Amino acid sequence: MIIHEGYENLNLAAPVVALGIFDGVHRGHRTLLDILVSRARETNGESIVITFSPHPRLVLEQDHIKLSFLTTMEEKKVLLENANVDHLIILEFSKQFSKIHACDFVDDILVKNIGTRHLIIGYNHHFGRSGEGDFKTIMQCAKSLDFVVEQVQGFHTEEGAISSSLIRDALLNGRLDVANNMLGYFYSVYGTVVRGKQIGRSIGFPTANIKPADQYKLIPGDGVYAVEALLDGKRFRGMLSIGSNPTVNTDTSARSIEVHILNFDDNIYGKEISVIFRKRLRDEKKFDNTNQLANQMEIDKADTIRLLS
């Protein structure tokens, strides 16, 4: 996949284009991407995904405290490449850019600069100033611009039509299996190992505290999870806790991400690590003492080994 920052000096063959944020690049997105790639092959063209950076909500909304996203741009690039997309065009999103009318965006950028011959959009996609651009608007624009517009219906599970917001909600509410099913892969978080209070080591379960690499990366809801940890190119089993550690902390407002890697006790401070969320084991719980906590962690360890064996 070739990545372009902006749309200057492009030389694309019969571009078949999909436009969107693609947060999570979930199963619904991949249904659309499969059609995109298929249409490009049918017409001897190239498949193009257009997305935006930074995320439009970071530009248009003043309060960022509650904003979180399923994928960073780097993660999105990998997932789109795995979907066999030929080109990714990343457009810089700004307040000025947000004021472009939908038909002007179609005319000036999609057609004149990118050369779009076939546009594929999702069932609920909106773009342009105040979200005025939808399938009906694009069809009106296309009449005078001579290109094909195709709308793809949503991909449904028992939860309904898959969407990034549904997946975010599932992760935040501890419904990991639901989220992973809608994603079509196991959710993961990437970051750096930082020094913690080393309380886990004192009860026989040393943990690595993780600082996420992206401040807007969504962290799943509080609880204990069976995970796989990727470290120095190797894969390990582990159990991960998200929350305030109420058994040992009086400040329950501070939230941490700590992973105990099974059969591992190396010094890894400062190293990069990815954790892949496989199963949710239980809710976070306050125990009367650290002995009770250690006993529960032995149970968590056994469950992790059983689930990830």
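The values are calculated or read from the model by the stated rules, or taken from the named source; none is laboratory data. All figures in this text were calculated on a predicted structure; none of them were measured in a lab. Backbone-built Cβ (ideal geometry, glycine too); neighbour counts: all protein chains shown.
Taking the stretch 208-247 as the range and being under 13 Å from Val275 (Cβ atoms) and among the small types (Gly, Ala, Ser) as the test, the residues that pass are Ala208, Ala213, Ala226, Ala229, Gly238, Ser241. Scanning the stretch 136-174 for residues that are part of a helix (DSSP H, G or I) and buried (at least 17 other Cβ atoms within 10 Å of the Cβ) turns up Thr137, Ile138, Cys141, Ala142, Ser164, Leu166, Ile167, Arg168, Ala170, Leu171. One residue stands out in the stretch 43-89 among those that are acidic (Asp, Glu) and at pLDDT below 95: the one that is farthest from Val148 (Cα to Cα), namely Asp63.
Per-residue answers, yes or no, for (1) within 29 Å of Lys95 (Cβ to Cβ); (2) aliphatic (A, V, I, L, M); (3) outside the structural domain of Ile109 (by TED's automatic domain parsing); (4) part of a loop (DSSP other than H, G, I, E, B):
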site: Tyr7; (1), (2), (3), (4): yes, no, no, yes
site: Leu10; (1), (2), (3), (4): yes, yes, no, yes
site: Asp34; (1), (2), (3), (4): no, no, no, no
site: Phe52; (1), (2), (3), (4): yes, no, no, no
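Of all the criteria given as (1) in contact with a helix residue (DSSP H, G or I) (Cβ under 7 Å, 6 or more places away or on another chain); (2) within 23 Å of Phe186 (Cα to Cα); (3) not polar (S, T, N, Q), the one not satisfied by Ala18 is (2). Among the criteria (1) assigned to a loop (DSSP other than H, G, I, E, B); (2) touching a residue at least 60 places away in the same chain (Cβ under 8 Å), the one Asp177 does not fulfil is (1). The residues of the stretch 64-113 that are loosely packed, with under 13 Cβ neighbours inside 10 Å, under 25 Å from Asp169 (Cβ atoms) and touching a residue at least 24 places away in the same chain (Cβ under 8 Å) amount to a single one, His64. Taking into account only those residues within the stretch 39-63 that are in contact (Cβ under 8 Å) with a residue 60 or more places away in the chain and within 17 Å of the chain's Cα centre (by Cα), which is surrounded by the most Cβ atoms within 10 Å (Cβ to Cβ)? Taking the candidates together, the pick is Ile50. Selection of the stretch 222-271 for residues being at pLDDT 90 or above, outside any strand (DSSP E or B) and either crowded, with 20+ Cβ neighbours inside 10 Å or in contact with a helix residue (DSSP H, G or I) (Cβ under 8 Å, 6 or more places away or on another chain) (or both) yields only Leu262. If I go through the stretch 78-119 residue by residue, how many of them are small (Gly, Ala, Ser) and part of a loop (DSSP other than H, G, I, E, B)? Qualifying residue count for the region: 3.
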